[in-house]
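In what follows, a structure is listed as structure tokens, so that the remarks can point back to it.
Taken together, the values in this text are just the output of simple stated rules run on the coordinates, not laboratory data. Just so it is clear, the model here is predicted, and its values are computed rather than measured. No Cβ is skipped: glycine too gets one built from the backbone with ideal geometry, and neighbour counts run over all protein chains shown.
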Amino acid sequence: MSTSDIPHPTAQHVDKADSGYSKGLRNRHLQMIAIGGSIGTGLFLGAGGRLAAGGPSLAIVYALCGIFAFIMVRALGEMSVYRPSSGAFVSYAREFQGEKGAYITGWLFFLDWATTVMADITAVALYMHYWAPMGKVPQWVFALIALVLVFALNIMAVKFFGEFEFWFAMIKVAAILIFMVVAIVVVVTQHPVGDTTPSPVLMVNHGGIFPNGLAPMVVLALGVVFAFGGTEMVGVAAGEAKEAAKVLPRAINSMIIRIFVFYVGSVILFTWVLPWTAYSGNESPFVSFFSRLGVPHAGDIMNIVVLTAALSSLNAGLYATGRTLRSMAMAGEAPHFAAFLNKNKVPSHGIMITAGLGLIGVMINYVYPTNAFNIVMNLAGIGIAGTWISILVSHWLFVRKAKQGLITRPAYRLPWAPVLNIITIAFLLAIIVAMAFTDIHTDQMGIKTILMFVGICVLMVIGWFAVRDKIRPEMLDKMLDTEVTEEKAADKEVS
């Protein structure tokens, strides 16, 4: 046998930014983070405003965007099984796109979650104003309290984050399931909901499936992408999870079912129990339903649940941005300050940066209390779309390297790549561009959001030229697949 016939193991990268973390997340934590990441403020609050704008067609938008979200997460899942990393898509962009790609991906993701944090604290404030006595307290005060409380939680050990997120996710899932059961019962029995008799025909009795035409569907798609923001969180959590390669495929594969059951199913039931015109962006559609049902304190209980959902999303946002900023800081792409790990092995300074920017959300709640949620939600939607595009590009290059024999793809993979990558990237770019041409928001908010994002891009370009000479090119070390296998086996024996 010649030496050319001897199989050579392929090289795999190990990101130095993953050093120092505690593997404190267990299987049940990762499962519920995957579930909870796809259920957040976008459904519990955002669905009300989107129903008011697009009517029953929102169910179609959720289904379509859900399919593309699943494609993205499946691509991320393949790379996470190949190499779990707390830097996640930033680390994968570093390996397959280079440092410029890592810089862009990291700051887009930071934009996404920094603005999502603003949206979440706004949601908390709006939920608190559901109770009349709380209406006397300014909206910004509740936003500030929420930010401080969740920041304190995040700088503790990661196992506390995992535990809180586990129970937050359990509450969210239980609440949606209870809503769906109760909604189906009232439809079957035709039990009155306020002055309305529930029925499937309500879905088409107020202007049909597309009461405002097809245009709202295009613009609403960006808000729906925001609703699915957090699905990529499972990739970040994989870096601090035990046996991630075993748990990730199960968690990701069940995501598409959750999207169709929880999102599409909930929207359809919303339009069966009340006319779509009964919903608004200032109140959770779950609260709108239960408060009209006539069950004592049902609206109060559901408002507590959706309050929990907003805190869960806020919790996840601070968690993810802290890890992302540390990965970038160690590479020289973010302030070195963010690389610090506290005694709990948590990137407390990176979390502090995001919390500091969250104060901008407090100011928005002070200056624009009525439009605060929509302003930050649209900007976060663009950041999420940009992050997803980068993930798909990294995976595309990952597959290309595998075809060249430079790396080995795991058994768990995205089928029909890179065709699905290209289709999903085209879809995401289309809905971003559509915001500027099909604006159904008041005060041309979509165009203003695009202009704000252009301004952020200019700042990112300036930032790149400021840090490019400080970037550390040695952030990735190579080891052979055989060494990786032996290392994983050793970790398994220790655990």
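So how much slack lies between ILE462 and LEU64, counting 0.36 nm per residue of separation and subtracting their Cα-Cα distance, in nm?
In short, 139.7 nm is gained.
Where does each of LYS246, LYS172, LYS343 land when they are ranked from fewest to most other beta-carbon atoms within 10 angstrom?
Neighbour counts put them in this order, fewest first: LYS343, LYS246, LYS172.
If R0 is 25 Å, what FRET efficiency do you get for VAL261 and VAL188 from their C-beta distance, rounded to 0.05?
On the way: r = 18 Å, r/R0 = 0.73.
Efficiency computed from Cβ-Cβ geometry: 0.85.
Sort LEU149, LEU318, LEU406 so that the residue with the fewest other Cβ atoms within 10 Å of its own Cβ comes first and the one with the most comes last.
LEU406, LEU149, LEU318
Along the Cα→Cβ direction, 7 angstrom out, place labels at VAL141 and LYS100. What is the inter-label distance in nm?
Taking the two extended label points, one gets 5.1 nm.
Thinking of the stretch 36-192 as a set of Cα atoms, what percent of all their pairs are more than 20 Å apart?
Tail of the P(r) past 20 Å holds 69 percent of the pairs.
With the Cα gyration tensor of the stretch 13-486 giving a ≥ b ≥ c as the square roots of its eigenvalues, does the rule (a/c under 1.5 for rounded; else a/b larger than b/c for prolate; else oblate) give rounded, prolate or oblate?
Since a/c reaches 1.5 and a/b is larger than b/c, the shape of the stretch 13-486 is classed as prolate.
Show log10 I(q)/I(0) for the stretch 151-192 at q = 0.18, 0.25, 0.33, 0.34 Å⁻¹, two decimals, from a solvent-free Debye sum over equal Cα scatterers.
-0.60, -0.80, -0.98, -1.01
Return the FRET efficiency for the residue pair LEU406, ALA426: r is the Cβ-Cβ distance, R0 is 30 Å, and the value is rounded to the nearest 0.05.
It comes out at approximately 0.65.
Calculate one ³J(HN,Hα) per residue across the stretch 72-79 by plugging θ = phi - 60° into the Karplus curve 6.51 cos²θ - 1.76 cosθ + 1.60, and present them in order as whole Hz with x for glycine and proline.
4, 5, 5, 5, 5, x, 4, 5
Order by neighbour count: ASP469, ASP120, fewest other Cβ atoms within 10 Å first, most last.
Fewest-to-most ranking of ASP469, ASP120: ASP469, ASP120.
Using alpha carbon coordinates only, what is the Rg to Rh ratio of the stretch 215-293, with Rh defined as the Kirkwood radius? The partial results should precede the final answer.
Working: Rg = 16.6 Å, Rh = 15.2 Å.
A ratio of 1.09.
Evaluate the relative contact order of the stretch 13-486 (contact order divided by residue number), counting alpha-carbon pairs under 8 angstrom at least 6 apart; express in whole percent.
Relative contact order comes out at 34 percent.
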